[in-house]
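Here's the structure we're looking at; comments come further down.
The values are calculated or read from the model by the stated rules, or taken from the named source; none is laboratory data. Note that the structure is a prediction, hence the values are computed from the model and not measured. Backbone-built Cβ (ideal geometry, glycine too); neighbour counts: all protein chains shown.
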Amino acid sequence: MTKMTHAARVELTNEVRKRYCAAAGAEKRKILDEFIAVTGYHHKSAIRALNAEPITKKRQTRARPSLYDEAVQAALIVLWEASDRVCGKRRRALLPILLPALERNGHLHLLAPMRQMILAMSASTIDRLLRVPRSATHLKKRRRAMPEARRRVPVRTFADWNEPPPGSMEMDCVAHCGDANRGSYVNSLVLTDIASGWTEAAPLVVRESGLLVETLERVRLGLPFALRALDVDNGSEFVNESLINYCLSHGIELTRSRPYRKNDQAWIEQKYGAVVRKLLGYRRFQGIVAAQAITRLYGTSRLFVNFFQPSFKLAEKHREGAHVSKRYHPPQTPCERLLQAESLPDAAKAKLREVASALDPLKLLEEIRAVQAHLAMLADGETPPSVMAEPPDLSAFISGLSSAWRAGEIRPTFSVDAKPRYLRSLQAVAHERSKNVAAKAVVTQPVAPTPPAMTAEKTPERPQLIYAEPGTPAFHALTMVWPLVCRRLEGFPNITSTQLFEELCIQFPGRFHAWQVRRLMKRVKVWRQDARARGVVIGRLKQRRVSTKPRGRGPGPQRFVDHWPEMLQCLEERPDLTAAEFLTEFQARYPGFYRASHLRTLRRRVQVWRRQAIQRLISKMKDHTQDVGSGATA
């Protein structure tokens, strides 16, 4: 039998009391027996509870006044700084030595009652009074609670694989967001086998757990071996209930790496540059059309990479002091390693040999270059042809291979503007050298080569903050308006920090963010401590009233109903804007109508809209895939 809580008993008593008082005789006895059986009360206790007056108002408790004022806290801060900020237990043992030394040298003068009070403090009381200055100087972040899904997935390090058989893979996502990590863009789901190096990749229109599981299922069915183990990072797109339930239902061992330890997934990290970035570069790809082209690119590249791209595999490593020596196995393709694996069935090996004998590497490479050119046009905003036609022969492509190296980088997806800054300079130098070599081969007279530094495009400087001051960029907005805040506090010292921040947002629209209210609270708290030390009388701040209503968030007023159609139009036109930017914009449009406390509600609304937009995009892509499949079947 489940034990009832006190709140449940009170609620049940209030409901049964009406029937009990209205009944008489045998009916009252029956109600009393039922009440005793449910609550477990004694007979007399149940009668007293049902005959008592109903509890309509919660007892209001008084807060105990503090024994230590601002003067005691200021003296403790001086002692804390003089002891080089030691902990409370060490400071408690140091007070009988440190306090007389400071008084003897004229650094501190305390009255007798305050001196006895400080010497009688416990270590926990000292730490509690110094919580604010300690938190301001404490650099270590608080540990967050680990989510339930992450606790269910065990950790696997780099050294825990121990030469596994084919089927143990690492998985991660590569973002194709270009220079701006905002909005919806295509992500590449990449898997690589630890034993053989077999690599699979598939595009994701958006990074969503349900779509990721569906893509993983399609990849798993196309693998030449059974998927036994899967190692992922700590991202929420991987460590969630959807992927955990999928791995449990298919008998796949799911593990995760340690946070901020990239070397735990060294095999998949190596494939980012060797496969994904080599094929797609650093451009931004978004939408269903780009995802379909990337699907075709990965369908061709998986055959070229796994059957015609040898890779090294570490055999052993020795360390002698600072010198590390490594020895590698001879380079082999992933297909060759799978054919040599003893755990792979003979039927799978025969199928691999059949596929390998029917492949043409130049035809695969030509198709890869064609799809890369198609993706480059999409990334540049051009309109590529709707259908990429198959070339009748490879004569033109083969004839251009002997001279393609003169043009520098021949991959269409590799753009100088889309690369990181450290790669742009190298690309500019290589391109300039190739032009100089071609000019020397054509022109008989010698031409002085242009220095590479003159051709490299100058990187624009980072713009400075509008309200920033030299050396203090974190307090730039509050520093400019702090004199106004001080004058406001001098006139109304009991005004809350939230009211002050709302007044500043209305007076200066677009300058402040919602997270700056906590910084303003800390500054106002320090100002009040200094004001009390100066003798300014500050009354008791407004406390929360005790309400008879049940706790919890009610429906509340529908704040965004009037302007929600206008907000939806802005979301359709600019889907990359955040909820904070929307709130700032509408605060400027309608002054005094929206406050910083409305950000949480607006963020939930925007999150629901984005989730619905993603579902519409996924359903649209599924419908298109079904149409293409039915057309191919016909």
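Here are the numbers:
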| quantity | calculated |
| --- | --- |
| In the range 275-321, residue surrounded by the fewest Cβ atoms within 10 Å (Cβ to Cβ) [restricted to those that are small (Gly, Ala, Ser) and touching a residue at least 24 places away in the same chain (Cβ under 8 Å)] | Gly287 |
| Yes/no for Asp160 being acidic (Asp, Glu) and in the same structural domain as Arg218 (by TED's automatic domain parsing) | yes |
| Residue tally, condition exposed (fewer than 12 other Cβ atoms within 10 Å of the Cβ) and within 20 Å of the chain's Cα centre (by Cα), over the range 160-181 | 3 |
| Positions within the range 236-251 being farther than 8 Å from Ser209 by Cβ, crowded, with 19+ Cβ neighbours inside 10 Å and aliphatic (A, V, I, L, M), in sequence order | Val239 |
| Close pairs (6 angstrom Cβ cut-off, 6 or more residues apart or separate chains): closer than 13 Å to Leu204 by Cα in the range 610-621, in a helix (DSSP H, G or I) and modelled with pLDDT of 75 or more anywhere | Ile618/Leu211; Met621/Ile288 |
| Leu221 vs. criteria of a type outside the set (Lys, Arg), out of contact with any Ser or Thr (no Cβ under 8 Å at 6 or more places or on another chain), within 22 Å of Arg302 (Cα to Cα) and assigned by TED's automatic domain parsing to the domain that holds Leu314 | yes |
| Those residues of the range 316-363 which are among the small types (Gly, Ala, Ser) and either in contact with a strand residue (DSSP E or B) (Cβ under 9 Å, 6 or more places away or on another chain) or in a helix (DSSP H, G or I) (or both), in sequence order | Ser325, Ala347, Ala348, Ala350, Ala356, Ser357 |
| Count - residues of the range 509-529 that are part of a loop (DSSP other than H, G, I, E, B), aromatic (Phe, Trp, Tyr) and in contact with a helix residue (DSSP H, G or I) (Cβ under 8 Å, 6 or more places away or on another chain) | 1 |
| Filter pass, Ser184 being modelled with pLDDT under 90 and polar (S, T, N, Q) | yes |
| Test: residue in the range 562-579 that is over 22 Å from Val289 (Cα atoms), in contact with a helix residue (DSSP H, G or I) (Cβ under 6 Å, 6 or more places away or on another chain) and modelled with pLDDT of 80 or more | yes |
| Any pair with Cβ under 9 angstrom, 6 or more apart, that starts in the range 99-127 at a residue that is farther than 14 Å from Leu79 by Cα and at pLDDT below 90 and ends at one that is surrounded by fewer than 14 Cβ atoms within 10 Å (Cβ to Cβ) and polar (S, T, N, Q) | none |
| Per-region count, the range 254-268, residues touching a residue at least 12 places away in the same chain (Cβ under 8 Å) and in a helix (DSSP H, G or I) | 6 |
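Let's see how each residue does on (1) buried (at least 16 other Cβ atoms within 10 Å of the Cβ); (2) among the hydrophobic types (A, V, I, L, M, F, W, C); (3) touching a Phe, Trp or Tyr at 6+ places or on another chain (Cβ under 7 Å); (4) on the phi > 0 side of the Ramachandran plot:
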position	(1), (2), (3), (4)
Pro113	no, no, no, no
Ala136	no, yes, no, no
Glu148	no, no, no, no
Val155	no, yes, no, no
Asn187	yes, no, no, no
Glu200	yes, no, no, no
